Structure formats: C-alpha cells, structure tokens
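Everything on this sheet refers to the single structure shown next.
The values are calculated or read from the model by the stated rules, or taken from the named source; none is laboratory data. All values reported here derive from a predicted model rather than from experimental measurement. Every residue, glycine among them, receives a Cβ derived from its backbone with ideal geometry; neighbour counts consider all protein chains shown.
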Amino acid sequence: MQEIGFVFIGKDKRVFRPLRELLPEVSWKWFSDISFRMQEHRFWPIYFIDINTVEAKKSFQLEDGQIVFLISQESDLKSVSEFPANFLGVLTRPIKKSQVLSLIKKAKELFDIYTDILHMTREISLEREILARKNALLTFLNRILTRANECLDLEKIFQIAREELENILLTQGVGGVFWWEEEGDEVQLFIPEGSKKSILAWQEFLLTTASRLKATEVKEFQLNLIKLKDCKDFQQENVILVPLKSRNKTYGCMIVLSPKSGQLSKDQIQVLHSACNHLGLAMRNALRFEEVKVRADHDGLTGLFNRRHFDDVLRKEIKRHQRSGKKMALLLLDIDFFKKINDKYGHLAGDMVLKCIARLVQDAVRETDVVARYGGEEFVVLLPETDEERAWVLAQRIRKKIEDSYFHLKGKQIKVTVSIGITSLTPGPLTSADKIILEADKALYLAKNSGRNMVCTSSEILYQELPN
C-alpha cells in the first residue's frame, strides 16, 4: 500500500532544508522545475513548490497528490493565475511548525479518503450499493474541500457550506463561532442575516456554546452578519452542533440548522463532521488571512493605514478623479516640536500622542476619506471630491481640536499643536501621486516657516510666487 511522500520543486535545494526538518521522515524527491517527469514512485506525493523560482506558473497541473505553495509574502500569490484542483494550502516563510502540522494532517486525511476508495473498489462486487453511496459522499467531500481551499473570503466560504451541505441534508442555515486561544475572552460570531429576534437567538446560543466549549466565560465578542440564501429563523430544536478541533484543541464550532437534525444516518453524521471540520479550517485560514492583510495595510502603533497602502489608494483615486473631472484634496499634517515631546516626556509619551492624534483626525473626517500615518510624526488625509475651501475648513477644525486637547500620561498634561499643508486640484492626464504629495509638502513647509500651529494651502505659495 502506498504511503505519503514529499516532492520539493524549486531551483535552490537548500531552500527546502528548514521545511524538511519539520516534516516526518518519509521518502522524498527534489526537482528544479515544474516541468519534470517523475518516474513511477511508491508513495502518495505532497508537492512543495517554491513559487518564486519555478517556471510555467500558469500550469501547476500535477495529476496525483496535493500541492502546497511556498511563499515569502501574500503578494507572491498574485503570480498564480489559476489554482489547481488539488491545491492543499500555503506555507509562508519563515515556516512555522504549526502550519506544517496542520497541512500534513489535512493531507493525511485526504490520503486516507483515497485509500478508502481503493479498498472499497476491491470489494465492489459484494458491496456495490454501499460503495456507490460512499463514493458519492467522498466526491462531495473532495468538492467541498476544493471549493473551500480556493477561497479566502469568509462570507463566500459560508455560502459554499450552505450550498454543499444541502446535498447531504435539508439545511435551513449555517453559522459559527471561532476563537484563537482557549484561554482568551474574545470570540468571533458569524450569523446569517435575518430578523432581529433570530439574530439575538443565534447570538445567545453561540455565546453559551462558546463558553461551554472553552470552559471560560466569554467577555467580548465580534458579531459578523453573513448573507446566505433562503435561511430560516433560528430554532434551537433544529440545531446540529459540530465542534471544530485542530491538534486536539477546540477552536470553534459550526452550527447547521436542519429540521432533520434528529434523523441523520451514521454516514451522514460522519460526513457532516468531516465536512464541517475541513470548512472550519478553511474559515480559520481566511480569518488569519484577514488578520495578516490588516497588519500589512495598517500602522502597528496608530491602527491607521500605512504609507504603502495609502500610496496605492492615492494612485487609484487620481485615476478616478481624472475620469470624473472632479477636484480632490490632500492634507499633510505634522506634529510641531515632536522631538521635544520625546526628549522631555519619553518615547511612551510620544507614542501616546501619536495614537491620540490619529484618533482625533480619524473621528473628524468622513467615511469616504482616507487617513494614514505617512511616517514619523506625519499624517496624511485624502479627501475625495473636495475643493480647497472645504479642505481648509476641515483642516482648521482638526488643528483647533488638537490645540484645545490635553494629552495625559502618568499625571502629566501634554499640550500639542500641529501644522497642516493643503493641496487641492483636478488631476490631469499627467498628474502623479508624487506631484500631489509634493504640493502638500510645500504648503506644510510654509505653515512651519510661518510660525507653526497653522494651516497653509498650495495656492498661497502660488500667490506668493506671482510677480507684483
């Protein structure tokens, strides 16, 4: 009988050394590129592909086994135009042992499924009807695994769960609750949209279930409403509860609503539990992906967008305003004498000031505006469809709010002022993001040189440069 083995694909064999140290001791092979032709092998392969070094990224088609991509960052996946049907997961460098164990567990479960199919086909003459039913169930599992693993959108995964579970039992709704650590107090609830009464019933049941499974009281929760088709109101007598485990630790549970909850066959129960656990892992991966994405786009101290993300948004907004012919404005804000705050009160005080100002600016703008920490003590605000006059009014309001505020740390009151530069324009075909930032920076420089704690615009600079 075949056993699981590993195939490493990438130009540099040394890249896989840290991974091999985390894997079980089994047969393995290495090839420099995806175009290899492997002779008959005696193991079920798990392909670990270094996505940054292989050629032919559009054709990761390998007939048997499962495929794992090795990446350095999430953006590496953009080079993959189509994920193969036997895609198992992603490992991000530096590779963690927990990631590897989770993928190996999933691979072994798939391997066991295919092994069961092999065994059952040998007995087909005696158990034709039973095998046909189990084969259909296994096909269902493979399909649900493939669909869930191809997606990192939580709402989409719940939609997949709603659609696919309908194939094994009458389903009226799905929901779930997840947490990262058994000792943590916070959980995330995922509840189908519906009546207020139904949402509250879902919420109460999930919180009670989470407290029971965690054996600790849930003190905080985040409610996420998901759009699902044809969901019925919550009724506890229709609940099928499936705890979700990874490495023998419970990390959540899925709830399936079905009027047939008390009439399931043994096969249905087994398949339901297996499907829900795989769906749960896909959901957990999606949650991790969202967490990584947020960290990649946001400043760790203030929680605002970081410069990289802001630059991307600015370029997109320039193109949009070029098409619409409308004005856009940009504020560049700098904390006056920030170094003196750090020198006098310490860096903890400086960090506190940055976080408080970030919150004040964020609270002052519209939902459509984009606020980011641009570097050090500088903040930037993008104001879509805004002229200079309206931008100036907003900037003055922000400046005055900060001037009138006291920032407290360990019994000390700290006063802070800011200088703000504004530029507003209708982007032309050749307008670049750098040009807009430069104009705002010039206005900020004027505000700094004119005494600080003030707002200046790029039009004031133009006015000063005009001949008498």
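Filtering ARG288, ARG295, ARG315 for residues that are modelled with pLDDT of 80 or more and either in the same structural domain as GLU74 (by TED's automatic domain parsing) or in a helix (DSSP H, G or I) (or both) leaves a single hit, ARG315. Yes or no: segment 233-250 includes at least one residue that is in the same structural domain as GLY280 (by TED's automatic domain parsing), of a type in the set (Lys, Arg) and in a strand (DSSP E or B). Looking for residues that are in the same structural domain as GLY280 (by TED's automatic domain parsing), of a type in the set (Lys, Arg) and in a strand (DSSP E or B), one finds at least one in segment 233-250, hence yes. The single condition from (1) without any contact (Cβ under 8 Å) to a residue 60 or more places away in the chain; (2) in a helix (DSSP H, G or I); (3) surrounded by fewer than 17 Cβ atoms within 10 Å (Cβ to Cβ) that THR216 fails is (2).
No other residue among ASN248, ASN285, ASN277 is among the polar types (S, T, N, Q) and either closer than 21 Å to GLY173 by Cβ or in contact with a helix residue (DSSP H, G or I) (Cβ under 6 Å, 6 or more places away or on another chain) (or both) apart from ASN277.
With the condition kept exactly as written, say whether any residue in segment 278-291 is under 21 Å from LEU101 (Cα atoms), without any contact (Cβ under 8 Å) to a residue 12 or more places away in the chain and surrounded by fewer than 13 Cβ atoms within 10 Å (Cβ to Cβ).
Checking segment 278-291: at least one residue is under 21 Å from LEU101 (Cα atoms), without any contact (Cβ under 8 Å) to a residue 12 or more places away in the chain and surrounded by fewer than 13 Cβ atoms within 10 Å (Cβ to Cβ).
Checked against (1) at pLDDT 80 or above; (2) of a type outside the set (Phe, Trp, Tyr); (3) in the same structural domain as GLY10 (by TED's automatic domain parsing), ASP64 passes all but a single condition, namely (1).
Here is the figure for segment 404-429: residues that are under 14 Å from ASN453 (Cβ atoms) and surrounded by 13 or more Cβ atoms within 10 Å (Cβ to Cβ) total 7. Scan segment 364-381 and tell me whether some residue there is over 26 Å from VAL455 (Cβ atoms), surrounded by 14 or more Cβ atoms within 10 Å (Cβ to Cβ) and over 26 Å from the mean Cα position of the chain (by Cα). No, segment 364-381 contains no residue that is over 26 Å from VAL455 (Cβ atoms), surrounded by 14 or more Cβ atoms within 10 Å (Cβ to Cβ) and over 26 Å from the mean Cα position of the chain (by Cα).
Criterion applied to GLN396, GLN413, GLN362 was being in contact (Cβ under 8 Å) with a residue 12 or more places away in the chain and either part of a loop (DSSP other than H, G, I, E, B) or over 22 Å from GLU317 (Cα atoms) (or both), and the one residue passing it is GLN396. Going by the conditions given, is SER246 at negative phi and surrounded by 15 or more Cβ atoms within 10 Å (Cβ to Cβ)? When the stated conditions are applied, SER246 passes them.
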